[in-house]
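The values are calculated or read from the model by the stated rules, or taken from the named source; none is laboratory data. The shown structure was predicted, so the numbers you read here are calculated from the model rather than taken from an experiment. All Cβ positions, glycine included, derive from the backbone under ideal geometry; neighbour counts span all protein chains shown.
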Amino acid sequence: MKKVTLIVVSIISISALLSQDRITTRGILHTAASVCMDACSMFYLEPDPGYNSDFITYLPDPWILMEYVDEHVEITGEDVWCAECGAINVQTIEIIGDLPEFTITSGILYENTENSFCMDGCDEFGIDPDDGFDFQWITTLSEPEILLPFDGQHIEFIGDEITCVECTALILGFINVLTDDNLLINGSFESQAEPLITGWNYTCSGDTETDAPMGGGAWSLMLESGNTQGCFPGIATSVLSVTSGPGDILQVSGWAHQTYNYVGAWIKLTPVDSPETIIGEGNSHYLDWTSITFTDTLLVNENTNLQILLDAGMTGGSSVSWAYFDQIVVQKIGQMSKGDVNADNSSDVLDIVIMVSIILSISDTTPYQLWAGDMNLDEIIDVLDVVQMVNVIVGQ
C-alpha cells in the first residue's frame, strides 16, 4: 500500500491548518478539465457513498497528485480558495481497497416495528420488493432517523451487503426516491445506480455527476452556466410525458445547487413551442443542495405540450460556473374549470357576483379569475360571459 503525508512547512500555512476544520473524504481521483485556470481545478474526486464530489489540490506542487489518478483514495485536508475555484487542499492521501460490490433493490421501504427476527439489529427496515427484486433487510447500524423520512415510499436502494450475527442486510449506500406519477421521464438522471441522461437535451456542456442530495440516488445533472464570452444559454430541457389540459394544477419539485455564489440555478415550467413563456419557476443560488417546489394552474384554453427547462444561470467575463439538478418531479395534483372564479371547486351564484364586480371595476382581476371567468374565450370578462355562466348554472 502506497501512502504519503504532505507536510506544509510555512508558519502561515501551519497557522491556517490549526484554525480550520480537517476534512476526510474518499473516492476515485481523476484529472479535471480546468474550468477556473488555477490549481484548484486540476483534479476532482468521484466520491464513495456518503462523501461529496470535490475539486482536489495540493498547492505547493499539484503535480504530485498525478500518481494517484484513477486510484481509490482516502484524503484528509482543508477547504481552500484559489483564483476562481475552491478545493480540498491535501494534507494526507492514501490508496485504499477497492469499492464494495453494491446490491440494488427496489420497492416500498417500511420500518420493522415488530419483534426482531434477527436479534442483532440488522432488521430495522425492510423493502417490500417490486417484481424482479428480492426481499432485503435494511440496516442503518442503529441510526434509524436516516431512513425514517423515506418510510412508506417507493425507492430504489443501492447498498453494501453485510452479515450480522443472524441476518444478512444491506447497509446504506444510495437512495433514489421513485415517484410513480411523475410526468417527467428520468428526473433522477440515473437508473439502477448507473448515470442516465435519456430524455434531456442541452445547449452547453452537461453530464451526470456523482453529487446528489439525500434521496437523490448516486447521480445528478451537472450543467454548465451560460457565459457572455462562450456558450449560452446554459439550459437543459425535457418534454412532459403527457399533454396538459386547461386548468391542470401542476406541482414541480426538485433539488438544485450552484458552484458559484449568486449565479442562479433555475427550474422552470414552459410550453415546448414558447420557452420564453414561464408558467412557473423556482431557483437556488446556494452552494449547498436546496429543495425547490412551486405549484401553478395552467391558464390556457387548449391542450398544451409542456417541458421542464433547467437553467444554469449566466456568468460574465471568463468566469465558469456549474449548476447541479436532481430529483425533478412534475405531478398533476388537481384540476380547475371554467366558471369556478372563486376556486371553490363549484360554479354557482358566488362566481357570478365576482364576475359582476370585475365588470363594474369594483375589484381587481387576478390572472386566474380572468381565465376562469372568460367563458366565451375572448380574453375579457363581460356580460356575455355572465349570460353563459347563468346558462351553465341553470343547466346543472
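If you filter region 266-295 down to residues that are acidic (Asp, Glu) and under 21 Å from Thr315 (Cα atoms), you find that the one that is surrounded by the fewest Cβ atoms within 10 Å (Cβ to Cβ) is Glu276.
When Asp211, Asp181 are screened for being assigned to a loop (DSSP other than H, G, I, E, B), at pLDDT 90 or above and within 22 Å of Ile328 (Cβ to Cβ), only Asp181 passes.
Kindly indicate which of Thr103, Thr57 is hydroxyl-bearing (Ser, Thr, Tyr) and touching a helix residue (DSSP H, G or I) at 6+ places or on another chain (Cβ under 7 Å). Step through it out loud before you land on a result.
Details: Thr103 fails: touching a helix residue (DSSP H, G or I) at 6+ places or on another chain (Cβ under 7 Å).
Step by step, each of Thr103, Thr57 is checked, and only Thr57 is hydroxyl-bearing (Ser, Thr, Tyr) and touching a helix residue (DSSP H, G or I) at 6+ places or on another chain (Cβ under 7 Å).
Filtering Gly173, Gly152 for residues that are touching a Pro at 6+ places or on another chain (Cβ under 7 Å), surrounded by fewer than 22 Cβ atoms within 10 Å (Cβ to Cβ) and more than 24 Å from Ile267 (Cα to Cα) leaves a single hit, Gly173.
Kindly evaluate Ala256 against the criterion of being among the hydrophobic types (A, V, I, L, M, F, W, C), within 30 Å of Asp160 (Cα to Cα) and in a strand (DSSP E or B).
Details: among the hydrophobic types (A, V, I, L, M, F, W, C): yes; within 30 Å of Asp160 (Cα to Cα): yes; in a strand (DSSP E or B): yes.
Considered against the rule, which asks whether it is among the hydrophobic types (A, V, I, L, M, F, W, C), within 30 Å of Asp160 (Cα to Cα) and in a strand (DSSP E or B), Ala256 comes out as yes.
Every test in (1) of a type outside the set (Gly, Ala, Ser); (2) closer than 21 Å to Gln327 by Cα; (3) more than 17 Å from the chain's Cα centre (by Cα); (4) surrounded by fewer than 14 Cβ atoms within 10 Å (Cβ to Cβ) is passed by Leu250 save one, and that test is (4). Here Gly132 clears all of (1) closer than 27 Å to Thr208 by Cβ; (2) among the small types (Gly, Ala, Ser); (3) at pLDDT below 90; (4) part of a loop (DSSP other than H, G, I, E, B) except the condition numbered (3). Take the conditions (1) farther than 30 Å from Ile162 by Cβ; (2) of a type outside the set (Phe, Trp, Tyr); (3) assigned to a strand (DSSP E or B); Ile108 misses just one of them, which is (1). If you filter region 47-70 down to residues that are crowded, with 16+ Cβ neighbours inside 10 Å and among the acidic types (Asp, Glu), you find that the one that is modelled with the highest pLDDT is Asp54.
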